[in-house]
1. Could you check region 191-217 and list, in sequence order, the residues that are modelled with pLDDT under 95 and surrounded by 14 or more Cβ atoms within 10 Å (Cβ to Cβ)?
2. Which helices (runs of 4 or more DSSP H) sit wholly inside region 68-163 and have at least 3 residues that are among the β-branched types (Val, Ile, Thr)?
3. Please identify the pairs in which a residue from region 80-91 that is touching a residue at least 40 places away in the same chain (Cβ under 8 Å) has its Cβ atom under 7 Å from the Cβ atom of a residue that is hydrophobic (A, V, I, L, M, F, W, C), counting only partners at least 6 apart or on another chain.
4. Any residue at all in region 4-22 that's without any contact (Cβ under 8 Å) to a residue 24 or more places away in the chain, in contact with an Asp or Glu (Cβ under 9 Å, 6 or more places away or on another chain) and at negative phi?
5. Which of the numbered conditions does LEU39 fail, given that it passes all the others? Conditions: (1) farther than 14 Å from TYR99 by Cα; (2) part of a loop (DSSP other than H, G, I, E, B).
6. Only one of ALA192, ALA172, ALA197 is within 18 Å of TYR61 (Cα to Cα), part of a helix (DSSP H, G or I) and touching a residue at least 40 places away in the same chain (Cβ under 8 Å); which?
Amino acid sequence: MKTMTNTITDVFFDLDHTLWDFEKNSALAFETVFKMQDLEVNMAEFLQVYVPINREYWERYRKDEITQKQLRYGRLKDSFDSIQYPVSDDLIELLSVEYIHYLPKFNHLFDGTIEILDYLKAKYSLHIITNGFAEIQENKLNNSYITHYFKTITNSEMAGVKKPNSLIFDYALNLAKAKKENSIMIGDCIEADVQGALDAGLDAVFFNENNVSVPQTIKQVNHLLELKKYL
């Protein structure tokens, strides 16, 4: 399983849902802003519809079908509509801004994040490639005290394209001064992180936290510390 150890020099990570526990931090941000606005929302019910709706909106954003503004408004509007909780458009706009403000203030990481970063940093150059918004992602990294692990951070705003577009991987490789044949990408999205990296000429590992079924040809881990079997 360690055949790639001698050739890999640079390890690229996705951030949300891979190192930074998006769902946990997102729930805490919503609890905060709903309380501020005196919204008596059943959080479990709200999150049950919001999580898949948010995923769907991000997929559409990734494909350039919607704008950042449409993403931030639409995912909330659809979620409130789904649980039949009446909220004005003005309040949705306010909530979308407050949510983005408070989201990076929470800093829960996936189990094993610090340990695996310590382990890998001693052996490789580490980097981030994210489709997230530059300022928000920077705050997430800083507030969770992991910025210092990474030599470079590439986001879609810098690159002008989003994963899985191979141009964002080319941009990240150039910024890192790394060669694709010596690089590997680790992320939670098969399409954006894994297939995107493979198509761009990098190796890839799928962070399969939810243990979904994927082809056996895809390298995968269910826990971050399992990366040690590949790196």
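1. Correct list: GLU209 only.
2. Details: elements: 68-82, 89-102, 113-121, 134-143, 156-159.
By residue number, 89-102, 113-121.
3. Qualifying pairs under 7 Å: ILE83/PHE46; ILE83/VAL49; TYR85/VAL41; VAL87/PHE80.
4. Here is the first cut: in region 4-22, the residues without any contact (Cβ under 8 Å) to a residue 24 or more places away in the chain are 6, 22.
Of the ones still in play, those that are also in contact with an Asp or Glu (Cβ under 9 Å, 6 or more places away or on another chain) are 22.
Right, trim to at negative phi and you get 22.
Looking through region 4-22, at least one residue is without any contact (Cβ under 8 Å) to a residue 24 or more places away in the chain, in contact with an Asp or Glu (Cβ under 9 Å, 6 or more places away or on another chain) and at negative phi.
5. (1)
6. Matching residue, one of ALA192, ALA172, ALA197: ALA192.
Per-residue answers, yes or no, for (1) aromatic (Phe, Trp, Tyr); (2) surrounded by fewer than 17 Cβ atoms within 10 Å (Cβ to Cβ):
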{"position": "TYR124", "(1), (2)": "yes, no"}
{"position": "ILE128", "(1), (2)": "no, no"}
{"position": "ALA134", "(1), (2)": "no, yes"}
{"position": "LYS140", "(1), (2)": "no, no"}
{"position": "ILE146", "(1), (2)": "no, no"}
{"position": "LYS151", "(1), (2)": "no, yes"}
{"position": "ASN155", "(1), (2)": "no, no"}
{"position": "MET158", "(1), (2)": "no, yes"}
{"position": "PRO164", "(1), (2)": "no, no"}
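Conditions tested, residue by residue: (1) of a type in the set (Asp, Glu); (2) open to solvent by less than 10 Å² (accessible area, probe 1.4 Å); (3) at pLDDT 95 or above.
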| position | (1), (2), (3) |
| --- | --- |
| ARG55 | no, no, no |
| TRP58 | no, no, no |
| PHE80 | no, yes, yes |
| ASP111 | yes, no, yes |
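The values are calculated or read from the model by the stated rules, or taken from the named source; none is laboratory data. Remember, it's a predicted structure, so these values are computed and weren't measured experimentally. Cβ atoms come from the backbone with ideal geometry, glycine included; neighbour counts cover every protein chain shown. Accessible surface is based on the protein model in full, side chains and every heavy atom, while ligands, DNA and RNA are left aside. Shrake-Rupley method; radii C 1.70, N 1.55, O 1.52, S 1.80 Å.
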